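Okay, structure first, notes after.
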Amino acid sequence: MKTDQVIKILFIEKSVEDAEQIISLLRNSGIAVRPARATSAEQVTAALDELGPDIVLFDPSVGTLELREVSRMLDGHGRDLSLIALVGQVDNATITELFVNGARSVALRPQPKQLMAVIQREFDALNARRQLRRLEAALRESERRCDALLDSSTDAIAYVHEGMHVRANQAYLETFGYTEFDDLLGLPVLDMIGPNDADEFKNTLKALSKGERQSGAVELQARRADATTFKASVEFAHATFEGEPCLQVVFRRQKVDANVIEQLQRDPVTGLFNRARMLECIDEAVAAATQGTKGQSLLLIEPDNWQSIVAGVGLAKADELLAAFANRVEGQLTAQDTAGLLAEHTVGVLLSTRNDEGIKQWIAGLQQAIAGGIFDLGSRSITITASIGGSLLGERNANTELLLNQASQALRNAQSQGGNRTDLHDPAAREKADEERERYWLGVINQALTQNEFVLYHQQTISLQDAEGEFSEILLRLNGPQGEVLPGFFMPIAEKHNLTPAIDRWVLNQAIEHLRARDRIGSPTTFFVKLTSGSLEDKSLLAWLGERLNQAALKHGQLVLEMTESKVVTALRPAQEFVREWQQLGGQFALEQFGSGLNSFQLLNHINADYLKIDRSYMADLPQQQESQKKVAEICRQARELKKQTIAEWVEDAASTSLLFACGVDFVQGNFLQEPQRLT
């Protein structure tokens with residue numbers, strides 16, 4: 001499931017707390033959720049219209065609604081969505097009844113992993129169904145356009161079903177000397193082939209009927225209606241006509257020079273296939289994988305520190321170096337392998353019919369050929385290394401976009417480990433690879449803590465209500481081997497190994513030092529600093545924090561600690577005690593992702609937050625989303641009544657800023673207003 005995609009869930013159950021637990025479970029896994037809850041038929045109807053849910057989680061014990069009734073309501077609404085029954089335990093009879101009454105899946109509430117897997121599977125299946133409908137619509141439109149263009153084409157084109165003509169354009173009729181298509185109707189296409197080439201043509205048709213792909217055009221003698229012949233190049237493609245599978249057959253009387261085609265498909269600098277041709281090769285490999293071809297893999301190869309190398313040798317030598325690099329890669333290929341330039345300095349390689357060990361040996365040989373050789377550039381000689389990321393190609397990932405994304409992610413993983421490394425995407429070995437990467441990054445995090453290799457950024461929070469002073473959000477980065485790394489990459493590992501409290505202390509200590517420096521130059525500032533849930537268990541944190549603020553002679557209100565709503569909900573008691581003690585010291589507290597729960601304001605009965613940071617999902621296309629505007633305005637109205645200040649994050653355009661001002665938001669923050677800057 002894409003973690004940056006909002007999943008809309010309608011809960012049909014009597015307990016708000018139970019629903020909030022599932023919402024927190026999803027959010028803690030990085031999945032954005034837009035929830036609603038209903039316990040009556042009227043509420044379900046309203047939620048279907050207002051929320052437009054993707055998934056409905058139904059608890060049979062709700063008492064006010066029956067599963068069959070809910071299923072009928074969903075069918076009547078006409079929207080494709082997934083109905084999941086949410087139960088505490090199951091047996092064969094229960095499962096049978098649930099499926100008979102309309103449930104698509106059954107999730108077990110006491111088994112969070114199974115619950116997550118069911119929701120993820122159903123959401124993925126829902127998106128696949130929606131995508132299929134879009135593709136079918138696009139296909140119908142393409143077929144309509146193709147049919148409209150068919151008669152205007154100068155190529156002789158016919159559609160053949162079981163060897164018989166079912167459609168032909170005017171150019172086809174003229175090429176073969178026929179007046180009307182009725183003269184061709186039911187005529188075997190084999191009658192259009194000269195006798196010397198008939199057997200070869202027949203074998204080609206048989207192979208294509210079995211689903212095999214034709215590697216290129218077939219050269220033969222074609223026969224006209226008057227029995228004269230001409231030399232033709234024939235191309236085949238699988239197609240459909242009036243819903244039936246058939247073959248598109250194109251006869252061309254003039255053949256384009258193969259050398260010209262070859263030249264057009266090559267990159268002028270490296271001599272490898274250009275991007276367009278290489279993507280075609282990947283498409284062909286993917287198609288072969290869907291037909292059961294095994295042992296293929298896609299590799300992406302990049303020289304390490306390319307920008308620094310080019311700066312050293314000079315831009316004039318960059319093409320010469322890239323050509324030499326590509327030549328080293330090409331020297332390792334066999335006749336069955338393919339290489340092409342996919343980006344400025346990214347070489348793509350399709351390896352054919354190698355097992356896992358063979359792929360690793362090939363990669364090792366290539367890295368040795370690159371790192372062990374010398375590149376001569378005029379009067380200069382240099383050595384370089386390369387990072388390689390790739391993905392094995394099989395039926396499960398036989399999709400060009402998916403395959404490229406997997407190989408690209410593997411390349412980034414290899415580069416992030418310091419260069420001259422390899423990362424190969426293999427679903428069967430994913431767990432082992434993840435463990436290895438986790439051990440590596442755990443070492444990087446520990447080193448950053450001991451050697452001060454974290455970096456702080458800040459992003460201004462702009463007051464729309466003329467509040468005095470400056471306000472900024474503190475953002476954390478890590479100096480990794482290949483540059484700065486965002487916390488979303490390393491913080492889950494730190495949290496797993498209980499390192500987040502130590503990281504929180506490092507951030508707080510640095511923030512205090514910067515606040516003190518700003519006070520000295522007469523620029524008092526308020527910093528918003530994120531706190532992880534691990535720090536709630538740190539009993540000495542508040543005492544240490546109060547002492548540090550006193551030493552720096554800072555007002556405690558200059559430091560606003562913040563946590564996400566979902567984290568607070570799952571640790572309500574320790575969060576409540578922490579916030580109360582922090583505010584007794586004079587500090588302030590902010591709730592992030594506010595408004596994302598079923599009843600976020602109910603949480604304020606337990607957590608006395610000073611600031612409410614509105615959930616970023618409401619900012620997506622805000623000017624076009626009337627429901628989001630209403631929700632933001634309602635949050636601001638209730639916040640004013642409770643004397644809480646509101647902050648809108650991820651504001652990306654002027655129109656959104658104006659709307660937020662009209663809604664009564666107190667502060668706004670986002671890249672449109674100011675991109676994060678290094679804290680100096």
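The values are calculated or read from the model by the stated rules, or taken from the named source; none is laboratory data. Remember, it's a predicted structure, so these values are computed and weren't measured experimentally. In this analysis, Cβ positions are derived from the backbone assuming ideal geometry, glycine residues included, and neighbour counts consider all displayed protein chains. Only protein heavy atoms, including side chains, enter the accessible area calculation; ligands, DNA and RNA are left aside. Shrake-Rupley method; radii C 1.70, N 1.55, O 1.52, S 1.80 Å.
Does Glu484 count as more than 21 Å from Gln669 (Cα to Cα), surrounded by fewer than 18 Cβ atoms within 10 Å (Cβ to Cβ), touching a residue at least 24 places away in the same chain (Cβ under 8 Å) and not small (Gly, Ala, Ser)?
yes
Just one of the listed residues (Ile370, Ile382, Ile374, Ile388) is β-branched (Val, Ile, Thr) and in contact with a Lys or Arg (Cβ under 7 Å, 6 or more places away or on another chain), namely Ile370.
Table: residues versus (1) under 23 Å from Asn101 (Cβ atoms); (2) acidic (Asp, Glu); (3) within 31 Å of the chain's Cα centre (by Cα).
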position	(1), (2), (3)
Leu25	no, no, yes
Gln43	yes, no, no
Asp49	no, yes, yes
Glu66	yes, yes, no
Ser71	yes, no, no
Gly76	yes, no, no
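Looking only at segment 650-660, decide whether some residue is over 30 Å from the mean Cα position of the chain (by Cα) and under 30 Å from Arg580 (Cα atoms). No; the residues of segment 650-660 include none that is over 30 Å from the mean Cα position of the chain (by Cα) and under 30 Å from Arg580 (Cα atoms). Does any residue of segment 450-470 turn out to be assigned to a loop (DSSP other than H, G, I, E, B), of a type in the set (D, E, K, R), open to solvent by 30 Å² or more (accessible area, probe 1.4 Å) and touching a residue at least 12 places away in the same chain (Cβ under 8 Å)? Taking every residue of segment 450-470 in turn, at least one turns out to be assigned to a loop (DSSP other than H, G, I, E, B), of a type in the set (D, E, K, R), open to solvent by 30 Å² or more (accessible area, probe 1.4 Å) and touching a residue at least 12 places away in the same chain (Cβ under 8 Å). Just one of the listed residues (Leu456, Leu464, Leu366, Leu393) is at pLDDT 85 or above and within 20 Å of the chain's Cα centre (by Cα), namely Leu393.
In the set (1) surrounded by 18 or more Cβ atoms within 10 Å (Cβ to Cβ); (2) under 24 Å from Val33 (Cα atoms); (3) modelled with pLDDT of 90 or more, the condition left unmet by Leu108 is number (1). When residues in segment 404-424 are screened for being free of Cβ contacts under 8 Å to residues at least 24 places away in the same chain and under 17 Å from Gln307 (Cβ atoms), 1 of them pass.
If you go through segment 556-575 and keep only what is crowded, with 16+ Cβ neighbours inside 10 Å and either of a type outside the set (Val, Ile, Thr) or part of a loop (DSSP other than H, G, I, E, B) (or both), you end up with His556, Gln558, Leu559, Leu561, Glu562, Met563, Glu565, Ser566, Lys567, Ala571, Ala575. Whether any residue in segment 268-288 is assigned to a helix (DSSP H, G or I), under 20 Å from Ile382 (Cβ atoms), open to solvent by 70 Å² or more (accessible area, probe 1.4 Å) and in contact with a Gly (Cβ under 9 Å, 6 or more places away or on another chain) is what I want to check. No, every residue in segment 268-288 fails to be assigned to a helix (DSSP H, G or I), under 20 Å from Ile382 (Cβ atoms), open to solvent by 70 Å² or more (accessible area, probe 1.4 Å) and in contact with a Gly (Cβ under 9 Å, 6 or more places away or on another chain). Scanning segment 111-124 for residues being open to solvent by less than 40 Å² (accessible area, probe 1.4 Å) and within 18 Å of Gln21 (Cα to Cα) gives a total of 4. Counting only residues that are outside any helix (DSSP H, G or I) and either within 16 Å of Thr461 (Cβ to Cβ) or open to solvent by less than 20 Å² (accessible area, probe 1.4 Å) (or both), segment 628-666 holds 12 of them.
Test Glu592 against the stated conditions and say whether it is of a type in the set (Asp, Glu) and within 26 Å of Lys496 (Cα to Cα). Spelling it out, Glu592 is indeed of a type in the set (Asp, Glu) and within 26 Å of Lys496 (Cα to Cα). With a requirement of 3 or more residues that are closer than 30 Å to Gln291 by Cβ, open to solvent by less than 20 Å² (accessible area, probe 1.4 Å) and aliphatic (A, V, I, L, M), the strands (runs of 3 or more DSSP E) lying completely within segment 125-233 that satisfy it span 156-161, 218-223.
In the condition set (1) under 18 Å from Ile474 (Cβ atoms); (2) touching a residue at least 12 places away in the same chain (Cβ under 8 Å); (3) aliphatic (A, V, I, L, M), Leu542 is compliant with all but (1).
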